[in-house]
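Structure first, commentary second.
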Amino acid sequence: MLVSGSDDLLLGGAGVVAGMVGSAGGTASLVSYPALLAVGLPPLQANVTNSIAFVANWPGSALGSRPELRGQAALIRRFGVVAAAGGVAGAVVLLVTPRGVFDHVVPYLVASAALALLFQPKISAWERSHAVTRSRLVLPCGLSAVAFYNGYWGAGSGVMTVVVLLLTVEKNFARANALKNMLLGVSDIAVAIVFTVFGPVDWAAALPMAAGWVVGSMIGPSITRRVPGDTLRVLVGLAGVGLAVKLWLTPG
């Protein structure tokens, strides 16, 4: 597809906004995926191209989240492998199976994660009051499932990952969000390698969006630093519900 100068501006601007939203804990695909459709990409190619552009979120958010990432290197190294493996598996499944096989469950997955995020304090309080013993497998299993989904499609995977982290290893939203950005970044790189070799990537659309994404992702962590965690949790959760409704009404 030939991308015009106005398309470049649209994609670059969408990348900036998506980078801010995604690195701050929101559902970036609400911005980036429709922008790719708007310039004429078919759904599957838009999804693959969006995944390629999303890699740019990783370095930008790493630079912007340095205070929140202190002391988290060991956790990132340990579970980055899990995230990468899950992402590769999801990308392979996307390329070898019809989209309709999985699309009908996507809105429900996103909605479940968004509702879990909205009710996370109540869930944590219930666990404390009932002395719930959580298996050490919850984090790797939950993360691998979300990474698989991220490789397959990815819309809402940030919300899902934040929920998993808040319920397992990190109660502070800003730190959980920074950790999410790094783990999904590892997954995104693995997915991008698969799509670069085997997927229908539109590089003319991916590159301007990725450039904007770097800028936006450097700004997003400062937002999480300044806005109260509960406010962000509610806003991200409501955005996730909105995305679930949108996906239910207009799948694919």
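Panel order for GLU170, GLU68, by other beta carbons found within 10 Å of each beta carbon, from fewest to most: GLU170, GLU68. Per-residue Karplus couplings for the stretch 158-174, computed as 6.51 cos²θ - 1.76 cosθ + 1.60 with θ equal to phi - 60°, are listed in order as x, 4, 4, 5, 4, 4, 4, 5, 5, 8, 10, 10, 8, 8, 7, 5, 4 Hz, Gly and Pro entered as x. Projecting the Cα atoms of LEU235, ALA38, PRO200 onto the charge dipole of the chain (Cβ charges, centred on the Cα centre) puts LEU235 farthest toward the positive pole. With no solvent and one equal point scatterer placed on each C-alpha of the stretch 105-252, evaluate the Debye formula and give log10 I(q)/I(0) for q = 0.18, 0.19 Å⁻¹, two decimals. Computed log10 I(q)/I(0) values: -1.21, -1.32.
Considering the stretch 10-121, its Cα convex hull presents a mean projected area of 8.5 nm². Roughly how tilted is helix 203-226, in degrees to the nearest 10 and between 0 and 90, from the longest Cα axis of the chain? Taking the Cα atoms of the chain, the angle to 203-226 is about 30 degrees. Rounded to the nearest 500, the helix-only mean residue ellipticity at 222 nm of the chain stands at -25500 deg cm²/dmol, with each DSSP H run of n ≥ 4 adding -39,500 (n - 2.57). Compared with the alpha-carbon gap, the fully stretched path from THR196 to LEU238 is longer by 11.8 nm at 0.36 nm per residue. The Rg/Rh ratio of the stretch 195-252, with Rg taken over Cα atoms and Rh as the Kirkwood radius over Cα pairs, comes to 1.11. Against the compact-protein benchmark of 2.2 N^0.38 Å, the Cα-based radius of gyration of the stretch 130-215 scales to 1.28. Paramagnetic label reach from LEU63 (point 7 Å along Cα→Cβ; backbone nitrogen cut-off under 19 Å): within the stretch 26-55, residues 53-55. Computed from Cα atoms, the angle from the helix 138-152 axis to the main principal axis of the chain rounds to 10 degrees. Straightening the chain between ARG78 and TYR108 buys 7.9 nm, computed as 0.36 nm per residue apart minus the Cα-Cα spacing.
Semi-axes of the chain's equivalent ellipsoid from the Cα gyration tensor, sqrt of 5 times each eigenvalue, largest first, rounded to whole Å?
Largest first, the chain gives 28, 19, 17 Å.
Residue by residue, the stretch 65-81 carries 3J(HN,Hα) couplings of 10, 4, x, 6, 8, 4, x, 9, 4, 5, 5, 5, 5, 5, 9, x, 5 Hz when phi is fed to the Karplus relation 6.51 cos²θ - 1.76 cosθ + 1.60 (θ = phi - 60°); x denotes Gly or Pro. Each label was represented as a point 7 Å from its Cα along the Cα-to-Cβ direction; for LEU137 and VAL92 these points are 2.2 nm apart. Placing unit charges on the Cβ atoms only, positive for Lys and Arg and negative for Asp and Glu, gives the stretch 5-249 a dipole magnitude near 940 debye about its Cα centre.
Read-outs throughout are calculated quantities, based only on the coordinates presented, and are distinct from any laboratory measurement. Just so it is clear, the structure is predicted and the values come from calculations on it, not from any experiment. So basically every Cβ, Gly included, is an ideal-geometry build from the backbone, and we count neighbours across all protein chains shown.
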